[in-house]
Amino acid sequence: MATEDIPPPLHDIPTAKEKKYDRQLRLWGASGQIALEETHVLLINNGPGVTGVETLKNLVLPGIGQFTILDPTLVSEADLGVNFFLDDASLGKFRAAETVKLLMELNPTVQGHAISEPLETFIAQEKPFARYNLILAAAPIEPAILATIQRRAQELQIPTFTIHSTGFFSAFSALLPPAFPIVDTHPDSTATTDLRLLLPWPELVQFANEMTAGLEEGKMTAQEKAHIPWVCLILRYLEKWKETHAGKVPETYKEKTEFRSLVRSGDPHEENFDEACAAVLKSLNPPTPSSSVREILSAPETSSLDATSPAFWFIAHAIHLFYTQHKQLPLPGAVPDMKAQSADYIKLQNIYKTKARQDCAEVLESVRKLEKSTGRSPKMAVDEKDVENFCKGAAHIHLVRGRPLQIAGLEEGQPAKFGDRATTMAMELTTPDSLIGLHIAFLAWDEYIATHRSSAKSAGGELPKVPGSGPGDFEADTEKMTGIAHKIVDSLIKEAGTFIEDPEYSEVKENVGKFCMELVRAGGGELHNIASLTGGLVAQEVIKVITRQYIPVDNTCLFDGVASRSQVLRV
Amino acid sequence: MAAAQQPEAAVRTTNGPSDTDTASKRWKYAHTLLSRPGAYTDEDFEPGAIPIGNIAQSHVLVIGAGGLGCEILKNLALSGFKKIDVIDMDTIDVSNLNRQFLFREKDVGRPKAEVAAEFVMKRVPGCMITPFVGKIQDKDEEYYMQFQIVICGLDSIEARRWINATLVGMVDMDNPDSLKPLVDGGTEGFKGQSRVVFPTMTSCIECQLDMHAPRAAVPLCTLATIPRQPQHCIEWAHIIKWEEERKDTALDTDDPEHITWLYQKALSRAKDFNISGVTYSMTQGVVKNIIPAIASTNAVIAASCCNEAFKIATSSAPFLGNPGQNNYMLYTGDSGIYTYTFEHQKKDDCPVCGNLPKDMTLNAEQTLGELVESFAERPESQLKKPNLRTEEKTLYYSTPMGLEEATRPNLEKKLSEMLADGEEFAVSDPAFDITFRYVARFS
């Protein structure tokens, strides 16, 4: 073979595991995969329980470490028509054990466990969630029990998702810790370019001068001119612009288009001039941190560090110091591809990389000083790699402020409250196409369940009665549920201290009534498609939360399978 | 019709172990919903036996038994569909196992369509799935005529364009059964889309082609002389070096030896140019044009497609693709969850479902060769082997070889020599049964 002179790079050839997980490793990388494999998810399954099982399918396949299903019910004939992870032989057996068995077939490396104990006694144990890193809880759940689940989960800061799926509609809410920061948000690559053309540092200026020397005097060969990296062209023409504009750079849109003509005057056709012109509007903006970054830099956690603060806040504090001193964030250091000779491009790349490393070193030094001043144990020293990643993604870090779940039906006759979100949610009521009506319908559904008992006995005792579940219940339950939902609407309007006049008020109520009718229509049954779709959405959010990559939903996602659309509300 | 072709299956389903009583218990949830009026249904929706019967009797074609296809088959079976055909030409690879959940390690190497059909039939008794291992192009109109709904879960734009053109071509205004709703899903990483086409009535896949613009190719001279990115080194090994050194071996992107060879060539070239970042995984990704794929996105998109199919078959709720209504759902899941559901407008100058030619602004000084090359990257055409002709003469034919040779000299000629301003010309590609009509407008 012609490649004898190169030793075969065995370390690079993928392992069997890397082959199997290739398509997902390209999204969340080895670190995300490790996080998945160290996770143990608990599914508290209720009702038809399809969405929860479909969620687990999407977690078992990519290789979650372990999962447990808590479900005291026995497999019924109706389960077989809607749940893919049961078969005819499952009939009459415990649903937890049967679904675990068939889910485990999907991935031999994943461990599954079944618990057939009733939720009420399970939750009464001391520290019932100690073994789990994440909880999924499928409706219906009695409000008092859901409140206990929330309290237990909050004690251990375990992310928890509650799930509803009824007929053509579904909803889920995420209970995340009060501070849930994400460094690796995977922003769109076009959004991340930060080349600092308005504030170039000496090495970059010098390189641009070298590359453009002789350009305007016509002392360059056509070949040389056609290969000046566009970054250098812009820097050169900025200097020229400043000469005639009192040392100022183009700021307004009009100035920028004039500046673009100036660049264009250098050459009408060459590709690198095209690239420079195309970049003018995007790259001549002073890099100001987004509001969400500023929120993190000025968060109470950032300013009040102590020895045990999570590493994220140490780095955030150090970045804040950096920003205060330099009026900009650390340089990310990436350079997009552009027309250039190979060696020139690599030089340019290195100039950016070197500056990024210097910025990062400065941040790291601050982190070390902060560690010393707070008396942080050397065993807990912040990882250099984390500082590096933070610096690279500083402009795109994200913080989710987890909120408690909105639990309906806790006190009889008291409609669910919206608290500090009341004003915003009341505005949603009259926003065209908003799915707030669906959210309210699900709250009404929960409230109905809190006050109605089913006569059927199961392994766990009395079960909550779901609206529309009896053969003759449709009309009566629709009316009941709509009544509850309308009370919630009125209560929300009152809580927000606003009021909505007719005809809008009647439209709001009619809209909510339609969602109620559809939820009752399903009689508590799941449609497999909606369960599967929602299982996809929830699994994706679980993966984001576990890997701490990408940006999770904050905090309630609604899906309308009639109109085929979704909306995320912060409630 | 089709039912007559599968008497045994039909008999087995109706006379099998599931008598009506257990059947109605088993399908309790779906049947309860279908037996009640909905808040959004048409006034003439009759709940009960009709929608329930429609689901059981509809014959559905699923194209693709991969990431989306596995989900689609499961979803259809558990929606109560009983007559399903599935087409896929591929065999199972180990890298499918992280999401194509009907397949196990022991199935690697077997045809996807067969394994998927077997698995779902075993898990959901009473559902009859007929697999076909092959290409969609192997089947004719008579075959496609037997279905009521076609659902695509494909990773190939070409196959989508082919089935779309076929279904549009099959529409006979005098025969309502000739109109086959086409439901299409696609994913990439955390993103995806689902859409419904009512051929000739609503915007078709070809109308929407520019929503999926091809990625701009790196110029050959960059690869050959001034590489700057690790990908440039890999493309150089792939496009240039392989031709130079292993011309006689057909490149098999699934052969680890071939990928390793390309990887090592790319690595040494990167070293020569001080470029860092070439890895085996990147080599594989670039050469095979790998699109990241995960179970959860597939689940979302496949279920959205099947939800639309369920609504179309039962009329139990409004569906995407009703003329004048939304027909397209874009889904993004990497930053929160976001869907955008809208109506994509039908185009009068669509080469498949429209009847008007499209204006094309051309530089008269350009050569025909430059124009020919541009068709691969034009978002609305994406033709790799275009054939061009006017009403009077042949301009250029990429195939067959004889015609190519005869018309090759034209490539050097200026457009002003070949076309008149305002003249209509047609572009086609042997890969599709589509002719693009353009009117030359010299700038």
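Bear in mind that the values in this text are calculations on the coordinates, not laboratory data. What you see is a predicted model; the values in this text were computed from it and never measured. Virtual Cβ from ideal backbone geometry, glycine too; neighbours counted across all protein chains shown.
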Euclidean distance between Cα centres, segment B:354-373 to segment B:256-315, Å: 33
Calculated FRET value between residue B:433 and residue B:399, using beta carbons and R₀ = 22 Å, to 0.05: 0.90
In percent, how large is the relative contact order of segment B:209-361, given Cα pairs closer than 8 Å and 6 or more residues apart? 14
Which stretch or stretches of segment A:412-452 have amide N atoms under 14 Å from the point lying 7 Å from residue A:504's Cα along the Cα→Cβ direction? A:423-434
Over its alpha-carbon atoms, segment A:235-381 yields an Rg and a Dmax in Å of 20.3, 62
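When only C-alpha pairs under 8 Å and at least 6 residues apart count, what is the relative contact order of chain A, in percent?
20
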Please tell me which of these pairs span more than 29 angstrom C-alpha to C-alpha: A:347/A:369; B:247/B:385; A:355/B:241; A:282/B:271? A:347/A:369; A:355/B:241; A:282/B:271
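Using 0.36 nm per residue, how much length does the chain from residue A:120 to residue A:89 gain when fully extended, once their Cα-Cα distance is taken away?
In short, 8.3 nm is gained.
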Square roots of five times the Cα gyration tensor eigenvalues for segment A:462-559, Å: 29, 23, 12
Roughly how many nanometres apart are two label points built 7 Å out from the Cα toward the Cβ at residue B:221 and residue A:252? 4.0
When a/c is below 1.5 the answer is rounded, else prolate if a/b is larger than b/c, else oblate, so apply that to the protein assembly as shown with a ≥ b ≥ c taken from the square roots of the Cα gyration tensor eigenvalues. oblate
Cα centroid distance between segment B:78-124 and segment A:213-281, in Å? 57
Could you pull the Rg and Dmax for segment B:220-288, using just the Cα atoms, both in Å? 10.9, 31
Charges at C-beta only: +1 for Lys and Arg, -1 for Asp and Glu. How large is the resulting dipole of segment A:419-523 about its Cα centre, in Debye rounded to 20? 520
Report relative contact order for chain B in percent, whole number only (criteria: Cα-Cα under 8 Å, sequence separation at least 6). 15
Please compare each pair in B:28/B:139; A:101/B:112; A:379/A:544; A:392/B:191; A:101/A:544 to a cut-off of 32 Å on the Cα-Cα distance and tell me which ones are over it. B:28/B:139
Can you give the Rg and Dmax of segment A:1-138 based on its C-alpha atoms, in angstrom? 19.2, 69
Please report the Cα spread of segment B:358-442 along all three principal axes, rounded to whole Å, starting with the longest. 29, 27, 23
Share, in percent, of DSSP beta bridges within the protein assembly as shown that are antiparallel, nearest 5: 55
Pairs beyond 32 Å (Cα-Cα), from A:17/B:82; A:465/B:311; A:219/B:265; A:225/A:327: A:17/B:82; A:219/B:265; A:225/A:327
Candidate cut points under GluC sites (Glu not before Pro) in segment A:295-397, DSSP loop plus at most 11 other Cβ atoms within 10 Å of their own Cβ, are none
Over all alpha-carbon pairs of chain A, lay out the pair-distance distribution in 10 Å bins, whole %, shortest bin first. 3, 14, 20, 20, 17, 13, 8, 3, 1, 0
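Report the antiparallel proportion of the DSSP beta bridges in chain A as a percent, rounded to a multiple of 5.
Approximately 55 percent, going by the DSSP bridge assignments.
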Could you check the simple spin-label distance between residue A:354 and residue A:38, using points 7 Å along Cα→Cβ, in nm with one decimal? 3.7
How do A:500, A:546, A:440, A:319 line up, fewest other C-beta atoms within 10 Å first? A:500, A:546, A:319, A:440
All alpha-carbon distances of segment A:195-283, grouped into 5 Å bins from 0, give the whole-percent distribution 3, 14, 28, 28, 19, 8, 1
Taking chain A as the reference, fit the longest principal axis to its C-alpha atoms, fit the long axis of helix A:504-521 to the helix C-alpha atoms, and give the angle between the two in degrees, 0 to 90, nearest 10. 60
With all pairs of different alpha carbon atoms counted, what Kirkwood hydrodynamic radius in Å does segment B:305-420 show? 18.1
Could you calculate the FRET efficiency of residue A:30 with residue B:276 from 1/(1 + (r/R0)^6), where r is the beta carbon distance between them and R0 is 22 Å, rounded to 0.05? 0.75
Compute the angle between helix A:50-60 and the longest alpha-carbon principal axis of chain A, please, reported from 0 to 90 degrees and rounded to the nearest 10. 40
Evaluate Rg over Rh across chain B, taking Cα atoms for both radii and Kirkwood's formula for Rh. 1.01
Please state, rounded to one decimal and in Å, the Kirkwood hydrodynamic radius that segment B:112-225 gives when every pair of distinct Cα atoms enters the mean of 1/r. 16.6
Excluding same-chain residues fewer than 8 positions from residue B:358, which lysines have a Cα within less than 17 Å of its Cα? B:346, B:347
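Give the whole-number value, in cubic angstrom per residue, of the convex hull volume spanned by the C-alpha atoms of segment A:419-523.
So the per-residue Cα hull volume is 103 Å³.
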